[in-house]
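Novice: Here you go, one structure.
The values are calculated or read from the model by the stated rules, or taken from the named source; none is laboratory data. Just so you know, these numbers come straight off a predicted model, no measurement behind them. No Cβ is skipped: glycine too gets one built from the backbone with ideal geometry, and neighbour counts run over all protein chains shown. All accessible areas refer to the heavy atoms of the entire protein, side chains included, with ligands and DNA or RNA removed. Shrake-Rupley method; radii C 1.70, N 1.55, O 1.52, S 1.80 Å.
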Amino acid sequence: MHYQIFPVTHFQQNCSLLWCEATRQAALIDPGGEAERLIEGITRQQVTLTQILLTHGHVDHVGAAAQLAAYYRVPMIGPHVAEAELLDALPLQCQLLGVTPPVTSFRPTRWLAEGESIILGEQQLSVLHCPGHTPGHLVFFCAAAHLAWVGDVLFRGSVGRTDLPGGDAATLQFSIQQKLWLLGDEVTFIPGHGPLSTIGHERRYNPWVQS
């Protein structure tokens, strides 16, 4: 599995372009904005976008999703159905955060649930439901590449916020310890913001995760 990270908008949200080298089929995870820049990046890599994957419903992660899905005529897949209220409230999120132009509410082509798989060419991503930052937050895991896209569940030296609507600190701790830790210490994860890290490093040194 190959990937390129595009930090987008003033939120510096890590949008990932990932693709199967054998087939050149590609997906975008969490296109939070700057659609034109993402289109340029996809063109530069000479890959064929086949789907857009969403971890959760915050505007900094989905701001350009509907625009790009229409441009490429590809499905938007995920997040979990528990994110429906957040997606419905996208205009309000924009108002509260000062995001302009505002993002229109939308629903994905299909919701995802724990245990489902995403096929990308000859590669496969497993779907984990990891609530706590938001009720329907998902994580995408490529076991063959030892890579996980964890959105705003876990960061290098920190964890996702739980003071926003639908957040819950105890649930987030459970998701990290009972879902992410089990992926294995050697797994590299791409967070929604900031630098990459490994599961092993965070399990040992992250001060925000209860032992």
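Novice: I need to check one value: relative contact order of the chain, counting alpha carbon pairs closer than 8 Å and at least 6 residues apart, in percent.
Specialist: 16 percent.
Novice: Something else about it: With the full set of protein chains in place, find how many percent of the accessible area of segment 1-123 is carbon and sulfur; take the probe as 1.4 Å.
Specialist: Values: 2930 of 5610 Å².
The C+S portion of the solvent-accessible surface of segment 1-123 is 52 percent.
Novice: Beyond 21 Å, what percent of the Cα pairs of the chain remain?
Specialist: Summing the P(r) of the chain above 21 Å gives 49 percent of all pairs.
Novice: With +1 on the Cβ of every Lys and Arg and -1 on the Cβ of every Asp and Glu, and nothing else charged, how large is the dipole of segment 89-211 about its Cα centre, in debye rounded to the nearest 20?
Specialist: Using Cβ point charges on Lys, Arg, Asp and Glu, segment 89-211 gives about 160 debye.
Novice: Mind ranking M1, M76 by accessible surface for me, highest first, 1.4 Å probe?
Specialist: M1, M76
Novice: Residue separation times 0.36 nm, minus the C-alpha to C-alpha distance between A144 and A89: what's the value? Mind dumping the intermediate values first?
Specialist: Details: separation 55, 0.36 × 55 = 19.80 nm, distance 3.63 nm.
That works out to 16.2 nm of additional length.
Novice: Take F174 and R156, extend 7 Å from each Cα along the Cα→Cβ direction, and tell me the distance between the two endpoints in nm.
Specialist: 3.1
Novice: Something else about it: Taking the radius of gyration and the Kirkwood hydrodynamic radius from Cα positions alone, what is the Rg/Rh ratio for segment 118-211, to two decimal places? Could the numbers behind the result be given before it?
Specialist: Details: Rg = 12.5 Å, Rh = 13.1 Å.
Over the Cα atoms of segment 118-211, Rg/Rh equals 0.95.
Novice: Can you quote the Å³ per residue value for the convex hull of the Cα atoms in segment 47-151, rounded to an integer?
Specialist: Hull volume normalised by residue count: 103 Å³.
Novice: Using DSSP to call loops (not H, G, I, E or B), can you name the GluC sites (Glu not before Pro) in segment 110-211 whose Cβ has at most 13 other Cβ atoms within 10 angstrom?
Specialist: Loop-located and lightly packed - E114, E122, E186.
Novice: Shifting gears a bit: Distance in nm between label sites at R204 and S117, each 7 Å beyond Cα in the beta-carbon direction?
Specialist: 3.2
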